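Where a number appears in this text, it was derived from the coordinates with a stated rule and is not lab data. If you're wondering where the values come from, they're calculated on a predicted model, not measured in any experiment. When we count neighbours, we look across all protein chains shown, and the Cβ atoms used for this are built from the backbone with ideal geometry, even at glycine.
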Amino acid sequence: MMRVAISGHAVHVPGLSEVDIPGAPAEAAAGPDDAHRVLGRKGLLAKEPATRLALCATHEALRLPPGKLTEPVPGAASTAVVVASNLGNVATVCQVVDEVRAEGRHAVSPLVAPNASSNIIGSSIALRYGFTGPNFLVCSGATAGLDAVRLGALLIRTGRTHRSIVVGVEPDDEIATRLCPGLRAAAAAIVLEPLTADEGVVLGPLTRSRATLASTMDLPGGTYGAAGVLGVAIAAALGEDHQVACGDPNDGYAAMPVTRVRTLVGIS
Amino acid sequence: MTAPNPVAVTGTAMVTCLGDDDETFAALLAGRSGVSRLSNVDGETLGVTHGYPIEDGPERQLRPSGWLADVVARAAAAAGLDPATRRVAVVVGSGLRELRSVERWHADGAELSLPDLHFDAAVRSVLPDVTEVLTISNACSAGGYALAVGMDLLAADEADAVVVAATDTMTESMLAMIGRVGDEPVTAVAPFDADRGGVLLGDGAAAVVIEPAADLDEPRPLIRSVGLSCDAFHETAPDRDGIVAAMRDAHDRAGIEPGGIDLVLAHGTGTALNDPTESAALASVFGSDGPRITGIKGATGHTSGGAALMSLLVAIHAMRTGVVPAITGLRTPLDEAAGLGLVVGSPEPAAARIAQVDAFGFGGVNAVTLVEVGMSELASESVSQGDRERLARACEGES
């Protein structure tokens, strides 16, 4: 079976830099309101915090210079996008209900309309970078992050794409934190491609358990659906063998080994 | 690219505003619509007064979870699945998840806990021993995307059987958006009609059980492929090129030429943009002598993530019985659909062996499914001798 390698990674936890957490930017990562520092000002109007953080992480994982794209991302066509997030648009949904009940539908901004659909994060990434491959949101609770990593790799192994961008993100707005106490805003992105070089960091199989599974490195707490992607991105940044785990008592636990390998092209 | 191993559909179930599977098929053939005035929300304030709701009493929390549990249990029973002895995975697609329950929790003080937002507990209430429950959310193509993920899990030998399901109810926030951008309230969905007014949402859920066809003795409908694409064109508007890419991906993955497709279950939402865009895509892919085209949303409303699987079940039923329902609500086709084989007015007899099911969603996410019903399953009384010979030749040509 084809092996899938991590060819890019970014950890984007607002306020944290590479001093605080492996894989983070050299300067403290931009919060949603400062996303223009990474992305440029264009195209951020009415974008939710989760979408902004996801775009920042994607931008950094692709090692693009800050600001607006000056040329298309190479290989954008047919690139897949798999996003892990559970609470990205709950604040918008509640806000729209408050507005329409209080003042009628004309109080609602049409610019917000796309955010009523939960897959807005992935489609925003596709739109900005021109990724026309499979594009979906995984929202299976606390294991969503590793579920998304596993499905992003599966899209490559089944020939659906040559490259998957996998992003994990949760916001920390009032609605999201009421539903999920202790939640912190965080995003991470990894770029997955078939292993073709002499060495690389590869993903192992996903395992599940009702009993607790633990990561072998430190992960910031409270990142819920983003945790699995965050862990894989940190492991890739460390460049060491690690087990990444996520989950909770309700949703069970998932774990995946991330391993540095040396191989010979064509023999693996 | 080599064609994926076909997977067989071994169990199905659905629930719509029209009723269960058989009631929905019967209503489609009779041209009966499930449209009604919305009672759970303030339609006048929202600017959306009508929809295709499942009328099951006073509104309560977690209705999509309940419909999901029902269709998953029925489909699994029909397939004779035993998750205790085989690796059975479940993939749930949903456009709006349990966001209606989030709205009622926030604005009306209804109860909700975090895990309710996805569908693990709902599935495990009826199938406790499944290996995993994956919830994916992809607007109005979620069911088609879930089917693609299910096929990929089988192809990678990560499951022995997969229950693919989808469920949705309308949210107040999405209704507000539809009302906000619409000109005037719509009272029915009229897919591909020159006078179509726009889309209305519907409630419902559907499930299919898929297994590797090689494992089975008796003939079953085969999922030949699911093609996926993203337009990367606009947040809400569809794009012909992206839709065509998903259709061609489905055809290429199955190794089937457009001429081998006998029937299309269109996405057909009755909006200003979808129907001409889908018409242009169908004309571009199939040319002037294309397949018969029908669709369900004039009868069921737009059931969001559930729509792809409901259309799939209707396609299988139409091929098995040899009768294709007309597009409920369609009277005068729009100009862009002039050369297409839309089924208008009354059901048509058709000898169809391979059907294409279209599903497109917000964000330009497209999923196109090809499903095949074998010769031995075709209803003999409804297929003429000439059609049987044509289909037999087609079968030989592909084997």
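Observations on the structure shown:
- Check on B:GLU59, of a type in the set (Asp, Glu) and touching an Asp or Glu at 6+ places or on another chain (Cβ under 9 Å): no
- Put simply, of B:ARG253, B:ARG240, B:ARG248 the only residue that is under 20 Å from the mean Cα position of the chain (by Cα), among the charged types (D, E, K, R), farther than 30 Å from B:ALA84 by Cβ and crowded, with 24+ Cβ neighbours inside 10 Å is B:ARG253.
- Scanning the stretch B:148-169 for residues that are within 12 Å of chain A (Cβ to nearest Cβ), outside any strand (DSSP E or B) and touching a residue at least 24 places away in the same chain (Cβ under 8 Å) gives B:ALA148, B:VAL149, B:GLY150, B:MET151, B:LEU153, B:LEU154, B:ALA155, B:GLU158, B:ALA159.
- Residue that is surrounded by the fewest Cβ atoms within 10 Å (Cβ to Cβ), among those in the stretch B:228-237 that are within 9 Å of chain A (Cβ to nearest Cβ) and on the phi < 0 side of the Ramachandran plot: B:HIS234
- Residues of the stretch B:285-313 that turn out to be in contact (Cβ under 8 Å) with a residue 24 or more places away in the chain, more than 19 Å from B:VAL72 (Cβ to Cβ) and of a type outside the set (S, T, N, Q), as a count: 14
- Meets criteria (more than 13 Å from the chain's Cα centre (by Cα), surrounded by fewer than 23 Cβ atoms within 10 Å (Cβ to Cβ) and more than 9 Å from every other protein chain (Cβ to nearest Cβ)) for A:ASP172: yes
- Qualifying residue in the stretch B:341-356 (condition: surrounded by 21 or more Cβ atoms within 10 Å (Cβ to Cβ), touching a Ser or Thr at 6+ places or on another chain (Cβ under 8 Å) and in a helix (DSSP H, G or I)): no
- Tally of residues being facing chain B (nearest Cβ under 7 Å) and not in a loop (DSSP other than H, G, I, E, B) across the stretch A:123-146: 8
- Residue that is surrounded by the most Cβ atoms within 10 Å (Cβ to Cβ), among those in the stretch B:170-193 that are away from every other protein chain (no Cβ under 13 Å) and outside any strand (DSSP E or B): B:VAL189
- Residue within the stretch B:57-69 that is within 22 Å of A:GLY104 (Cα to Cα), touching a residue at least 60 places away in the same chain (Cβ under 8 Å) and within 14 Å of chain A (Cβ to nearest Cβ) present: no
- Of the residues making up the stretch B:106-116, at least one is free of Cβ contacts under 8 Å to residues at least 24 places away in the same chain, within 9 Å of chain A (Cβ to nearest Cβ) and among the hydroxyl-bearing types (Ser, Thr, Tyr).
- Taken over the stretch A:85-101, residues that are of a type in the set (Ser, Thr, Tyr) and either touching a His at 6+ places or on another chain (Cβ under 9 Å) or touching a residue at least 60 places away in the same chain (Cβ under 8 Å) (or both) amount to 1.
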